[in-house]
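Every number here is computed from the coordinates shown, using simple stated rules; none is lab data. Please read these numbers as outputs of a predicted model, since none were measured by experiment. Cβ coordinates were reconstructed from backbone atoms using ideal geometry, including for glycine residues, and neighbour counts include every protein chain displayed.
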């Protein structure tokens, strides 16, 4: 009597050959280089997306679902915006800087977007707005365009960039926690990749 054995496929780990761990935030010089490249090439959508991603510090899933009415009125960008986070269900507020506001206004005008439209619509019929996969590919082109390794960067690089710069400048963990919309300080500590002992000492110094 013969036994029949089913052939099993060897499953390849999802992270094989990939760089894992925290994705690197962009430095001020890298931000400037990417912006200049986009401005010179007239890439209005990418410039608005890049600037808003840095200013808002939102997760990709929240950033891509922003509608025109969330950040602009009558074609003019707001100075502040508030978005309800999908992951936490909590609102998060952020400032829209003058540079970001200008790029948003130029994109709205060029794309002839209405107030109810998604700010970053997709050209694919399957999705009304850019998907996180599309966003990731766009970001790869951004960093590769200035000579960086795309494997070292991801959509969370955009979320971490301004938060990291603010932390380095102020050492105020509480402020960064609020800006990122984290419910726990531990989450902010892990996100910034700093030592827990240093974080606790700093938080005690900045507590009000």
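Quick notes
- Placing pseudo-labels 7 Å out from each Cα toward the beta carbon at residue 87 and residue 74 gives an inter-label distance of 3.7 nm.
- Extended-chain gain in nm, criterion 0.36 nm per residue less alpha-carbon gap, residue 109 and residue 22: 27.7 nm
- Relative packing of peptides 31-43, 53-65 - highest average C-beta neighbours within 10 Å first: 53-65, 31-43
- When the convex hull of its Cα atoms is projected in every direction, mean area for the range 35-90 (nm²): 4.3
- Compactness index (Cα Rg / 2.2 N^0.38 Å), the range 28-158: 1.00
- Rounded to the nearest 0.05, the FRET efficiency derived from the C-beta distance between residue 140 and residue 102 at R0 = 22 Å is 0.30.
- For the listed peptides 169-175, 157-163, a ranking on the average number of other beta carbons within 10 Å per residue, highest first, reads 157-163, 169-175.
- Cα-Cα separations in the range 106-172 greater than 18 Å, expressed as whole percent: 57
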